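See structure below.
The values are calculated or read from the model by the stated rules, or taken from the named source; none is laboratory data. In this text, all values refer to a predicted model and were calculated from it rather than measured experimentally. With ideal geometry, Cβ positions are generated from the backbone for all residues, glycine too; neighbour counts draw on all protein chains shown. Note: accessible area is taken over every heavy atom of the protein model, side chains too, but ligands, DNA and RNA are not part of it. Shrake-Rupley method; radii C 1.70, N 1.55, O 1.52, S 1.80 Å.
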Amino acid sequence: MPQSLARNYIHLVFSTKHRIDLLPHTFLTEMHAYLAGILQSCDCQAVSIGGTTNHVHLLFALSKNKTLAEVIRTLKANSSRWINQHGYANGHFAWQDGYGAFSISQSHVDAVHNYIRHQEEHHREVTFQDELRRLCRLYGMEIDERYVWE
């Protein structure tokens, strides 16, 4: 087959360094739009971006020409620089080194999109740590609590 076809949906989750609330609520919409632009520059299709003042969720179709690690490195580096240059964070801004990346089937895209849209409500009752633990259990991934919470 001469044509290469790929559609891999990724639900990506990562937090601010030490999960500190560095992202003001008034800035989240603008930051999410900026992250969507970075994804587009990586030839990835953003489906949904959301989060709270200390973490972000991205649902996107991964480019067939980029690795997941390349896309995440570009997302974090460019958005950190942009946030610091514009003084949007309450202090020096940095993302955590790690992340959680989960493959999503086409049949679950709408459910994950809806989940991301309701992050503010969801986190009135659930911490980021408990959310990540649940996602890892759901996907059969073991985490080492000594290293995951930097």
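Counting only C-alpha contacts under 8 Å and six or more residues apart, can you give the relative contact order of the chain as a whole percent?
It rounds to 32 percent for the chain.
Quick check: net charge around Gln129, other residues with Cβ under 11 Å of its Cβ, Lys/Arg +1 and Asp/Glu -1?
0
How much area per residue is accessible in the chain when the probe is 1.4 Å and only protein heavy atoms are counted (Å²)?
It amounts to 56 Å² per residue over the chain.
Assuming a ≥ b ≥ c are the square roots of the Cα gyration tensor eigenvalues, decide whether the chain counts as rounded (a/c under 1.5), prolate (otherwise, with a/b larger than b/c) or oblate.
Oblate, because a/c is 1.5 or more while a/b does not exceed b/c.
Please give me, ordered by residue number, the trypsin sites (Lys or Arg not before Pro) of the stretch 8-112 that lie in loop per DSSP and have at most 16 other Cβ atoms within 10 Å.
Those that pass, being in a loop and sparsely packed, are Lys64, Lys66.
Using a cut-off of 9 Å between beta-carbons, work out the net charge of the residues near Asp43 (Lys and Arg +1, Asp and Glu -1, Asp43 not included).
In short, +2.
Would you mind checking which residues have amide H under 5 Å from Asn8's amide H? H placed 1.01 Å from N; only 5 or more apart, or other chain.
Leu62
Given the Cα-Cα distance of Cys136 and Leu5 and 0.36 nm per residue of separation, how much length would full extension add, in nm?
44.3 nm
Within the accessible area of the chain, what % is carbon and sulfur when the probe is 1.4 Å and the other protein chains stay in place?
48
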